[in-house]
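Single-structure report; data block below.
The values are calculated or read from the model by the stated rules, or taken from the named source; none is laboratory data. In this text the structure is predicted, and so the values were computed from the model without any measurement. In this analysis, Cβ positions are derived from the backbone assuming ideal geometry, glycine residues included, and neighbour counts consider all displayed protein chains. Accessible surface areas use protein heavy atoms only, side chains included; no ligands, DNA or RNA. Shrake-Rupley method; radii C 1.70, N 1.55, O 1.52, S 1.80 Å.
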Amino acid sequence: MTKGLEITPAEWQVMRIVWTLGETTSSQIITILQRKVDWKPATVKTLLRRLVAKGALSTTRQGRSFIYRPLVEEQATMDQVADDLFNSICEHCVSRTLDHVIDQATLSKADIERLQATLAAKQATAPDQVQCNCVPGEDMHC
């Protein structure tokens, strides 16, 4: 369901709260975001309306409040964004980009062990060299 869903950086901040809480009101989201960013309540409500229109959130009225729930899974949405990124860059440059991401990320020891196991499994079938897929017949540029 996340295919084609484009979420702006501001919308990601809202989605992270809704994913964490499971369901929430605009008031709760506003309170949480005001600890992090200087957004007016109207800005948050606009972001919520956009996310509902995009099909990322559902909303139901409960008294005077609206309850927001995610319609897309967090991991599936993150995976789709990563797939979109890596499908749009040169295949030869993927490893350097992954190196950068790993270098910048805070990882637990368990995260590192999982990554090492994934890499060890991939090594068994990895080619000796990854070819550039930008322009057919051209040498690698990364």
Could you check how many residues of the range 82-134 are modelled with pLDDT under 90, under 25 Å from residue 12 (Cβ atoms) and outside any helix (DSSP H, G or I)? 0
Within the range 82-132, how many residues are farther than 26 Å from residue 4 by Cβ, acidic (Asp, Glu) and either surrounded by 12 or more Cβ atoms within 10 Å (Cβ to Cβ) or touching a residue at least 24 places away in the same chain (Cβ under 8 Å) (or both)? 1
Total residues in the range 19-33, condition free of Cβ contacts under 8 Å to residues at least 40 places away in the same chain and either under 20 Å from residue 7 (Cα atoms) or among the acidic types (Asp, Glu) (or both): 6
With the first residue restricted to the range 37-49 and required to be basic (Lys, Arg), and the second required to be open to solvent by 50 Å² or more (accessible area, probe 1.4 Å), Cβ contacts under 9 Å at 6 or more apart or on different chains are 49/59
When the range 44-81 is checked residue by residue, the ones that are open to solvent by 60 Å² or more (accessible area, probe 1.4 Å), closer than 14 Å to residue 8 by Cβ and either modelled with pLDDT under 95 or in a helix (DSSP H, G or I) (or both) are 49, 50, 53, 81
Test: residue in the range 93-111 that is more than 22 Å from residue 16 (Cβ to Cβ) and touching a His at 6+ places or on another chain (Cβ under 9 Å): yes
Collect the residues in the range 109-123 that are over 20 Å from the mean Cα position of the chain (by Cα) and among the basic types (Lys, Arg), keeping them in residue-number order. 109, 122
Looking only at the range 1-43, filter to residues that are of a type in the set (A, V, I, L, M, F, W, C) and part of a loop (DSSP other than H, G, I, E, B); which one of those is most open to solvent (accessible area, probe 1.4 Å)? 1
